[in-house]
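Novice: Below you will find the structure I want to go over with you.
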Amino acid sequence: MFRLDRQDAGLLVFVAVITLFAPILLNPFAEGSAMAQFNAGYPDLMQRFVIFAIFAIGFNILFGLTGYLSFGHAAFLGIGSYSAVWMFKLLSMNVIPAVLFSVIVAGVFSLVIGYVCLRRSGIYFSILTLAFAQMSFSLAYSVLTPITNGETGLQLSLSDPRVLDGKTTTGALPETNLFGVAMNDTLSVEALGRVWQFSAGYYFCAVLMLIAFYISIRIFRSPFGMMLRAVKSNQQRMRFTGLNTRPYALAAFVISGMYAGLAGGLMAAMDPLAGADRMQWTASGEVVLMTILGGAGTLLGPILGSGFIKYFENIFSKINDTILHQWFAFLPDGLENFVVAVIYPFVGKGWLLTLGMLFMLVVIFLPGGLIEGAQRLRKLFARTPTGAADRRAPASKPAE
Amino acid sequence: MGILEVKDVSKRFGGLRALSDVNLSIAEGALHAIIGPNGAGKSTLLNVLVGKLLPDTGSVTFAGQSVLGRQPHQINQMGIARVFQTPEIFGALTVLENVLIPCFAKRDGAYRLHALEAVRDETAINAQAEAMLVDVNMQDKRHMLAGSLSRGDKRRLEMAMCLVQEPRLLLLDEPTAGMARADTNNTIDLLKQIKATRPVTMVIIEHDMHVVFSLAERITVMAQGTPLVEDIPARIKGNPKVQEAYLGTAHA
């Protein structure tokens, strides 16, 4: 299928099914029930899942394959957002030109930044990318205020020219749309006694994420992908095999920059404003965490990692002390207060503490990320069945 | 006129004269060994040949073209391959992939972006790589990670990676360094087999006299940064100058 082998095609179908049915799968608990707060199926969060998945898939092409650890990829995310909002202001509220423009602009920036940063490798490369990203962040706040609107962030306004569809604007700010379908449109379907919401914006992002994932599979299986893994493994041997390593690393850098630009463009398409804080180093660090947590260099890892982090960010940060007290109300008062006091620092605003500990556990015990964990589990459970199959194999031979 | 011509090459590191007025001519198709005691300048010479070091004076030409000032990957594209003292292979890739990479490099020469083609669809290149693995008797290990091979197998793989590019000149830097006797003998047999079946010129830098005298057709003895004698192996053994270089004047 699509020039993929069976295993990869299976993986793509698996991810496609999960993403397309996410509005149902992520809403297992009925509305109004005590567990409803663990539902993650509302549009805003699901959009974040797939957008950050795109970001992480692209980052993985650079970091997972070539081993170059960039600490500045949020710069391309921010650049993508600014480009998209400018398209909304100047051209049209249609998301297609905005997303295309954000990918192109991010690609151009990553070409320039990558060309400079890739003159060094290892920690020096990481520091250079970090420096570039922080520089972009500061510039967006200061000198570039006419373009970025500084601290307020770039927003739509009624006086925007919007060459293609500006005339139709009346009164209120227009909405981003895909040929007339507004991104914040939701289709409500009643079934099984529940109301299921299907957001147009989510499906737009999800389709782009599936395309991005498909391209990343193709890159992983291509001669180019193999060269990138060779760059990670041994640059000396690369050079003495007649291959200049830098163009390969630069191509990977630009591709991952374009993925980041796409993610940034989509963020703006879902909510048309762009702020400099999207470029801050914490955002760059987040995508590093997602990739490593999921499994760097694996196909599914970055998607898993981004979903995991965004889900738990949402869930853990929602739990406040009132909810904790409700949970432990069955305990005697003193004990209840004690348990709540112990758990409290790890939830709500303190959820980053939980994330930090999870990250440490993964790096120490599962260096291959969650994917490695899944593989170990599968081996554990598959041991007996495969053993049985092996024993059965000789017996079935005469039948052939 | 040999395929590789080194003329009046000198190289200084601060006050140390690593190479002084080296003149060397390697005949096409020869298996030429360069030997000498520690500090004789063998490795410096090799690094000059592959573009890692630029000499202070002199010229190095390969098949009529100067190699000086070129990047290592450009020198490789001229047809010079190198085997390192510690095998330089892609440890995180499988044995087959290790051989596929030089095949792709040879096909494309300079840089090409084949980002959306599949490796397994390149039938001709896969066949070429598989055939090379059969040649070095590693076809059973093709799906193993190269990093998990034994020292001898790593060396074998590295040679396969060099040979699959069909280089005109193969430079070997102490190919048996740190190997057990059995692995050393295997490597000698492999080199003999390569010599017998392929038209490649080989320059081998070696410490181990057993290896040198069982392989080389011509030997250059270096001492203190300059070639002392060049001759066929039989006459090198008895040469008093060589004994002096290795054992010191007192014994001569």
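The values are calculated or read from the model by the stated rules, or taken from the named source; none is laboratory data. Remember, it's a predicted structure, so these values are computed and weren't measured experimentally. All Cβ positions, glycine included, derive from the backbone under ideal geometry; neighbour counts span all protein chains shown. Ligands, DNA and RNA are excluded from the accessible area calculation, which covers all protein heavy atoms including side chains. Shrake-Rupley method; radii C 1.70, N 1.55, O 1.52, S 1.80 Å.
Novice: Using a 10 Å cut-off around each Cβ of peptide A:248-261, what is the average number of partner chain Cβ atoms that fall inside?
Specialist: Mean shielding by partner chains, rounded to a whole number: 1.
Novice: Let me ask you something else. If the cut-off is 27 Å between C-alpha atoms, which lysines fall inside it for A:K310, apart from same-chain ones fewer than 8 positions away?
Specialist: Partners within reach: A:K318, A:K349.
Novice: Now, a different point. For the residue pair A:S33 and A:A16, what label-to-label distance in nm results when each label sits 7 Å from Cα along the Cα-to-beta-carbon direction?
Specialist: Label-label distance for A:S33 and A:A16, simple model: 3.1 nm.
Novice: As an exercise, use a Förster radius of 30 Å and the Cβ-Cβ distance of A:W196 and A:S317 to find the FRET efficiency, rounded to the nearest 0.05.
Specialist: 0.75
Novice: Per DSSP H run of n ≥ 4, the term is -39500 (n - 2.57); total these for chain A, divide by its residue number, and report the mean residue ellipticity at 222 nm rounded to 500 deg cm²/dmol.
Specialist: -21000 deg cm²/dmol
Novice: What percent of all Cα-Cα pairs in chain A falls into each 20 Å bin, going from 0 up to the bin containing the maximum distance?
Specialist: 24, 53, 21, 2, 0
Novice: State the answer as a single residue: which of B:H210, A:F213, A:Y42 lies farthest towards the positive end of the charge dipole of the protein assembly as shown, with beta carbon charges of +1 for Lys and Arg and -1 for Asp and Glu, about the Cα centre.
Specialist: Checking the options against the dipole of the protein assembly as shown, the answer is B:H210.
Novice: Shifting gears a bit: I want to verify a result. In a Gaussian network model of chain B, Cα cutoff 10 Å, which of these has the top mean-square fluctuation: B:L215, B:L149, B:L31?
Specialist: B:L149
Novice: Report ³J(HN,Hα) in whole Hz for each residue of the stretch A:48-53, in order, from the Karplus equation J = 6.51 cos²θ - 1.76 cosθ + 1.60 where θ = phi - 60°; Gly and Pro get x.
Specialist: 4, 3, 6, 5, 5, 5
Novice: Another question, then. If you average the alpha carbon positions of the stretch B:1-38 and of the stretch B:81-106, how far apart do those two centres end up, in angstrom?
Specialist: Value for the Cα centre distance between the two parts: 27 Å.
Novice: Among A:V143, A:G305, A:I127, whose Cα lies farthest out toward the positive end of the dipole of chain A, if unit charges sit on the beta carbon of Lys, Arg (+1) and Asp, Glu (-1)?
Specialist: Going by the Cα projections, it comes out as A:I127.
Novice: Say each of B:D121 and B:S66 gets a label point 7 Å from the Cα, pointing the same way as Cα to Cβ; how far apart are those two points in nm?
Specialist: 4.4
Novice: Mind checking A:224-233 for the average number of partner chain beta-carbons within 10 Å of each residue's beta-carbon? Don't skip to the end; give the middle numbers.
Specialist: Values: counts 8, 5, 8, 10, 1, 5, 10, 1, 3, 10.
If you average over the peptide's residues, the count of other-chain Cβ atoms is 6.
Novice: Based on the Cβ-Cβ distance of A:L353 and A:W327, what FRET efficiency does E = 1/(1 + (r/R0)^6) give at R0 = 22 Å, to the nearest 0.05?
Specialist: Rounded to the nearest 0.05, the efficiency is 0.70.
Novice: To continue, here is another question. Which of A:I315, A:I211, A:I343 moves most in a GNM of chain A, Cα contacts under 10 Å?
Specialist: With Cα springs under 10 Å in chain A, the top fluctuation among A:I315, A:I211, A:I343 is at A:I343.
Novice: Relative to the longest principal axis of chain B, what angle (0 to 90°, nearest 10) does the C-alpha long axis of helix B:123-135 take?
Specialist: 50
Novice: Sticking with this structure for a sec: Mind ranking B:50-56, A:368-374, B:87-93 by how tightly packed they are, going by the mean number of other C-beta atoms within 10 angstrom, highest first?
Specialist: Packing order, densest peptide first, comes out as B:87-93, A:368-374, B:50-56.
Novice: Another question about this same structure. Under 17 Å Cα-Cα from B:K237, which aspartates and glutamates qualify once same-chain neighbours fewer than 8 residues away are excluded?
Specialist: Within reach: B:E206, B:D208, B:E217.
Novice: Another question, if that's okay. Taking all pairs of different Cα atoms in chain B, averaging 1/r and flipping that mean, what Kirkwood radius in angstroms comes out?
Specialist: Roughly 19.1 Å, rounded to one decimal.
Novice: Say each of B:A182 and B:I232 gets a label point 7 Å from the Cα, pointing the same way as Cα to Cβ; how far apart are those two points in nm?
Specialist: Result for the modelled spin labels: 3.6 nm.
Novice: At a 1.4 Å probe radius, which order do A:M267, B:M222 fall into by accessible area, largest first?
Specialist: Sorted by accessible area, descending: A:M267, B:M222.
Novice: Another question, then. Determine, for each peptide in A:316-326, A:292-302, A:103-113, the mean count of other beta carbons within 10 angstrom over its residues, then list the peptides with the highest first.
Specialist: With the highest mean Cβ count within 10 Å placed first, the list reads A:292-302, A:103-113, A:316-326.
Novice: Which pairs in the list B:K11/B:K106; B:K42/B:K195; A:K232/B:K42; A:K379/B:K141 are over 27 Å apart, alpha-carbon to alpha-carbon?
Specialist: B:K11/B:K106; A:K232/B:K42
Novice: Would you calculate, for chain B, the mean residue ellipticity at 222 nm contributed by helices, counting each DSSP H stretch of 4 or more residues as -39,500 (n - 2.57) and dividing by all residues, to the nearest 500?
Specialist: The helix-only estimate for chain B comes to -11000 deg cm²/dmol at 222 nm.
Novice: Report the antiparallel proportion of the DSSP beta bridges in chain A as a percent, rounded to a multiple of 5.
Specialist: So the antiparallel bridges amount to about 90 percent of the total.
Novice: About the Cα centre of the stretch A:40-280, how large is the charge dipole given +1 on each Lys and Arg Cβ and -1 on each Asp and Glu Cβ? Please answer in debye to the nearest 20.
Specialist: 1260
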